[in-house]
Amino acid sequence: MNDVVSPEEPADSNIVQPGYLGASPPVGRPPVRGERTWVDRPEQLLAAVNALEQSPVVAVDAEFTQVRVLTQNEALTTSQRLALLQLAIDGKCFVVDALRLNDLSPLNIVLENPDIIILLHGAGADLRVMAERGLYVAHYFDLEAASRSIFGQHESSLATMLQRAFHVRLDKSLQRTNWTRRPLPSAMIAYAARDAEMTLALYYWLNDHFPWALKLYDSTNLLKPVAPWIEPFLRGSSPVPVDVAVAEALEKGTILNMEQVYSDVKAALATLTHPMRRSRVLRVIADLSLIDLAPEIEPLLRARTAEERAGAVRTLGRLGVEQNKALITPLLQDPVQEVRKAAQTALRATPHKEPRVRKATSVRNADGTRSWTVGENDETGTEKSSDDSDWKARLRSIMGEQSTG
């Protein structure tokens, strides 16, 4: 981790100094513009695929347009539609007209090849819109996530990273332009190609100076398995909070007892290497108040990625173990802003208090589903207001009954 160059910030300060405060590697040489090819015919697409599949890395960027869609309920909603797909390799960039070409499937020869690394900057939206056109990426690096892990979320945009890496100012004036125009002006084609070309250049710079970050954010690390009950919380797909899911699993017997909860979460923390998934495990630990796992979290305060350091700070802060404060205090001087902010917040948190134990009440609904009552009911059966400690107490009560039963 880079040394901080800022003066010490008092622990009781209301202000967290903004920005990245660590050292940066030397500025690289900007890439030379290569050949740019407009692709709007099937035979041109096949020629592009032949060239692309010869490269071990392909930088991909997409331009979308917003469209209004009428749902089955006759409600209007907006969605993103793929307009252009730019694919850059050394010396060449292909700008594919996704509106004129109905069949983009030949590109899957490249995208689905696990031996070719696809480079994306902010993978989420691009992967989603590409999938809607039948394009699926087997192996990718998210350069935005890797950059965020080093410099922080406020320093990870493509424009900011290119300024840091090459002292190049990226023109974003056409970012929200109408990409459905045809013929597309040459200035817009050049603008679209430039993002993919610069994504490729940024990959080489990161690989020279931070290969460890690219390795951690390799998409293959997303595939490492965890206990089935944990997986939905790593994907963000669970329809219920983790305490409710665990309580129901304990009642059904799919989770046996408290010891299994600790064991499964501890194993996930040790097995996973992708920082995003590990950070979400930390959130599970905090939400379930698994205080005994504090010793497993403490080493992550020294993790290479800012995402993990900030996640460890937040979790230890929420667990409220008093001796953790001495370990968190040095992170007030972390190079990354959100880690410093997390440390400040954690140190100001009130000491951990055991929540009052309240009876857990489950209700089976008319459709067969089960719901859990949060908090106590008054004499009329109406649920009283509750806070975070109520559901933690409820879960502990259930777990305690399972452990002693």
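The values are calculated or read from the model by the stated rules, or taken from the named source; none is laboratory data. Keep in mind that what you see is a predicted model, and the values were worked out from it rather than measured. Neighbour counts are summed over all protein chains in view; Cβ atoms, including those assigned to glycine, are modelled from backbone coordinates with ideal geometry. Heads up: the accessible areas ignore ligands, DNA and RNA and are worked out on the full protein's heavy atoms, side chains in. Shrake-Rupley method; radii C 1.70, N 1.55, O 1.52, S 1.80 Å.
In segment 248-261, the count of residues that are surrounded by 17 or more Cβ atoms within 10 Å (Cβ to Cβ), on the phi < 0 side of the Ramachandran plot and within 18 Å of the chain's Cα centre (by Cα) is zero. Is it true that Ser238 is in a helix (DSSP H, G or I) and polar (S, T, N, Q)? Taking the combined requirement at face value, the residue does not satisfy it.
Restricted to segment 98-214, the set of helices (runs of 4 or more DSSP H) holding at least 3 residues that are open to solvent by 40 Å² or more (accessible area, probe 1.4 Å) comprises 123-132, 158-166, 186-209. Contact annotation: residue pairs with Cβ atoms under 6 Å, 6 or more positions apart or on different chains, pairing a residue in segment 290-308 that is over 29 Å from Glu144 (Cβ atoms) with a partner that is open to solvent by 20 Å² or more (accessible area, probe 1.4 Å) and in a loop (DSSP other than H, G, I, E, B), are Ala294/Val321. Here segment 30-51 is the region considered, the condition is being among the aliphatic types (A, V, I, L, M) and without any contact (Cβ under 8 Å) to a residue 60 or more places away in the chain, and the residue that is farthest from Leu206 (Cα to Cα) is Ala47.
I'd like to check something: does segment 298-307 contain any residue that is more than 23 Å from the chain's Cα centre (by Cα) and either open to solvent by 70 Å² or more (accessible area, probe 1.4 Å) or modelled with pLDDT under 90 (or both)? No - not one qualifying residue is present in segment 298-307. Take the conditions (1) in contact with a helix residue (DSSP H, G or I) (Cβ under 7 Å, 6 or more places away or on another chain); (2) more than 30 Å from Ala268 (Cβ to Cβ); (3) charged (D, E, K, R); Arg181 misses just one of them, which is (1).
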